[in-house]
Amino acid sequence: MAEDLLISLRQIKRIYGSGAAEVRALDGVDIDITPGEFVAIMGPSGSGKSTAMNVIGCLDRPTSGQYRFNGVEVGGLSNDQRALLRRHYLGFIFQGYNLLPRMSARDNVELPLIYKGLPKQERIARAERALDLVGLGGRAGHDPSQLSGGQQQRVAIARALAGEPQVVLADEPTGNLDTKRSAEIMELLVDLRRERNLTIVMVTHEDDMAAYADRLIWMVDGKVQRDGPTRREVQDAV
Ligand SMILES: Nc1ncnc2c1ncn2[C@@H]1O[C@H](COP(=O)(O)OP(=O)(O)OP(=O)(O)O)[C@@H](O)[C@H]1O
Ligand SMILES: [Mg+2]
């Protein structure tokens, strides 16, 4: 059973500060995710959604609890090993997108592929394919200052997908996009999931976006309050 799990969080706590200033950003979280699942995480502001994503993305270490990725105990890995895990298995679509300025969209998308050790030709081909995929084929040579907020976000999505990760972690991926673009991005993720058995974990504040997922985790005060199928899944099943 446990071997089928891609992501397994057991009693994960992430506590900031101490004494009166203590914040329990995560307060005993259990989450299991199998390969190919599309999970939405929702909940009020400050409920711990981004903290959970940072832990799952090996960007932050929990204060206590156990995190296994592909059966590997992440807590036992060195920083370098965690960086390798991120590079080879995870794609990030996070708020703030962190695009490098004065670098073209193509170069931004290509960058993580350099760390993966792919040859130049292959990198360029993949970067351009990923930009086409998000509808930015014609903007590959533009740098971030020459792109709108929504376009920058799509570059970040292309960058996350170009590495062909096993898991995409998306924290409000469509937060700056209009309804039509948001729907396109979600269709794209759904297609990739079907074609490549991509696993998707997505934080969103919007019911419309969560409806693309098949499972919804509802967080409150650093805890999982509800974890079950989305309405769409329930409707599909009837
Ligand atoms: N570096 C930090 N130091 C102290 N407290 C923090 C830190 N980062 C987050 N927190 C606190 O942890 C709690 C959870 O934050 P988190 O960013 O995970 O919330 P969220 O659910 O993503 O909220 P939002 O929907 O607003 O993005 C909040 O109370 C926040 O203030
Ligand atoms: Mg957040």
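Only the coordinates and a few stated rules stand behind these numbers; no lab work does. Computed from a prediction, not measured in an experiment: that's the story for all the values here.
Remark: the Cα gyration tensor places the stretch 121-179 in the oblate category, a/c being 1.5 or greater and a/b not exceeding b/c. To the nearest 10 degrees, how steeply does helix 120-133 sit against the main Cα axis of the chain, on a 0 to 90 scale? Relative to the chain, helix 120-133 is tipped by roughly 70 degrees.
Relative contact order of the chain, taken over Cα pairs closer than 8 Å and 6 or more residues apart, is 27 percent. For the chain, the ratio of Cα radius of gyration to the globular rule of thumb 2.2 N^0.38 Å stands at 1.01. Computed over the stretch 1-83, the quotient of the alpha carbon radius of gyration and 2.2 N^0.38 Å is 1.12.
Pairs of Lys residues in the stretch 2-237, spaced 8 or more positions apart or belonging to different chains, with C-alpha separations under 26 angstrom: 4 in total. Distance between the C-alpha centres of the stretch 108-146 and the stretch 16-61: 31 Å, rounded to the whole angstrom. Taking the 0 to 90 degree range and rounding to the nearest ten, how far is the long axis of helix 149-162 tilted relative to the main principal axis of the chain, both from C-alpha atoms? Approximately 80 degrees, to the nearest ten.
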